[in-house]
Structures are given as C-alpha cells and as structure tokens.
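Worksheet: the structure to be examined is printed underneath.
The values are calculated or read from the model by the stated rules, or taken from the named source; none is laboratory data. Treat the numbers as computed from the prediction; the structure is a model and nothing was measured. As a convention, Cβ positions derive from the backbone with ideal geometry for all residues, glycine included, and neighbour counts pool all protein chains shown. Side chains included, ligands, DNA and RNA excluded: accessible areas come from the protein's heavy atoms. Shrake-Rupley method; radii C 1.70, N 1.55, O 1.52, S 1.80 Å.
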Amino acid sequence: MTTDSVNAIVRPDSYLTLHYRIQLVTGPAAGSIFADTFDGNPATLQMGSGQWAPGIENALLGHAEGERFSFDLAAVDAYGDRNADLVQWVSRATVDQNAEPGTEFEAGDVVEFVAPNGGRYSGVLKQLNDDTALFDFNHPLAGANLHVDVALLGVL
C-alpha cells in the first residue's frame, strides 16, 4: 500500500479554509482593497452556500489545497453590474421601523430591513429627508471588476 499525498481539489460542495484579498479594479473605489485576510486569521467558505458570488466560487474550482493563485473577474461575472432600479426611495417610517429607537442616520450608513417574507436585506443610505430616504440596494461590489488573490490552506 502506498501513501502518496494528494492535495484535495476544490469541488462545488467543498468546505475551504483560505486567505483572500479582493481588490477593486474599476469604479469610484478602484485600487482599494475591499477585504484582506492575509494579515489575520484565515476565512472559511462553504462552497455553494451563497457566501460568495457564483463567479468567484467558480474561479476556485479545480484548484488544490496548498495552492496560491490570483484571478481577475469582470463585474458581470462577480457581483453583477449596478442596477439603477435598486436605488430607491423609502419612507422614513419604514427606516424607523427597522432601526433601534433614537438611531441617528448619516449618508453611507448600512441599514438592514426585514422583507415581507421574513428575510433580511441591506441598503446603503444615500440621502435622508424628513419623510423619505434614498437607499442603494446594490451589492457593494456591484459594477466593479475585481482582482482576487487566494491561498488555499485547507480543502474538505
């Protein structure tokens, strides 16, 4: 019996321990780092659970445990293009219903809302008036091309 060590390969149902860095390549924040775990604790990712966009997960498929690699993704393959329909006015009453009493809001705040089906979704506050608030419900990375660096530490 031989004991060849074969590194596990990322599959659609794999559980990963990894370091990653996501850099925005295009958009207003081009050149900035969105997330970086290389200087801290590694992250875990359950493939196929919706933690990451399908395009990012697809780029991990077939890579081996112990591998370091980088890839670039166009916005449409990552978190999609920005959708103008997802920038919406909401009543101030709706905002207040979804916040702790007395909460003060500022442009740029992320506010979480309860959907009619009980799910949750978030939006970035763009503008606040006495009766209404303008929110951007696009994913923060929507519309941005990405550069991703990965170090696969463990694959189960």
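Show me, for the stretch 94-105, the HN-Hα J-couplings you get by feeding each phi into the Karplus relation (A = 6.51, B = -1.76, C = 1.60, θ = phi - 60°), rounded to Hz, glycine and proline as x.
5, 4, 5, 5, 9, 10, 5, x, x, 5, 9, 10
Quick one: among N117, N41, N83, which has the greatest mean-square fluctuation in a GNM of the chain with alpha-carbon springs under 10 angstrom?
Highest fluctuation among the options: N117.
At q = 0.28 Å⁻¹, what log₁₀ I(q)/I(0) does the stretch 28-73 have when each alpha carbon counts as one equal point scatterer in the Debye sum?
Here log10 of I(q) over I(0) equals -1.39.
Whole-Hz Karplus ³J(HN,Hα) for the stretch 59-73, in order, using 6.51 cos²θ - 1.76 cosθ + 1.60 and θ = phi - 60°, x for Gly and Pro?
5, 8, 4, x, 7, 9, 3, x, 7, 10, 7, 9, 8, 10, 10
Give me the distance in nm between label points sitting 7 Å out from Cα along the Cα-to-Cβ direction at N7 and H139, one decimal.
Inter-label distance under the simple model: 2.6 nm.
Going 7 Å from the Cα of L61 toward and past its Cβ, which residues in the stretch 34-54 have a backbone nitrogen under 12 Å from where you end up?
Under cut-off, by backbone N: 48, 54.
List the residues, sorted by chain then number, that are 5 or more residues from D81 or on another chain and whose placed amide H is less than 5 Å from its amide H.
G143
I want to check the label-to-label distance for Q46 and T26. Put each point 7 Å from Cα in the C-beta direction and report it in nm to one decimal.
If labels sit at Q46 and T26, their model points lie 3.4 nm apart.
Under the rule of at least 5 residues apart or a separate chain, name every residue whose amide H is placed under 5 Å from the amide H of V87.
When sequence neighbours closer than 5 places are left aside, the close amide H contacts are F137.
How much accessible area per residue does the stretch 1-75 have, in Å², with a 1.4 Å probe?
Working: 4490 Å² over 75 residues.
Here the residues of the stretch 1-75 average 60 Å² of exposed surface.
Could you give each residue of the stretch 19-31 its phi-based ³J(HN,Hα) in whole Hz, using Karplus coefficients 6.51, -1.76, 1.60 with θ = phi - 60°, and x for Gly or Pro?
Running phi through 6.51 cos²θ - 1.76 cosθ + 1.60 with θ = phi - 60° gives 9, 8, 9, 10, 10, 7, 9, 10, x, x, 9, 3, x Hz.
Among A99, A75, A53, whose mean-square fluctuation peaks in a Gaussian network model of the chain (Cα, cutoff 10 Å)?
Result: A99 has the largest fluctuation of those listed.
For the chain, which whole percent of the accessible surface, found with a 1.4 angstrom probe, sits on carbon and sulfur atoms?
That fraction is 49 percent.
Taking H as built 1.01 Å from N, whose amide H comes closer than 5 Å to the amide H of T132, not counting residues under 5 places away?
R92
What is the distance in Å between the Cα centroid of the stretch 12-47 and that of the stretch 101-136?
When both Cα centres are located, 26 Å separates them.
Which semi-axis lengths, in whole Å and largest first, follow from the square roots of five times the eigenvalues of the Cα gyration tensor of the chain?
Gyration-tensor ellipsoid for the chain: 37, 17, 14 Å.
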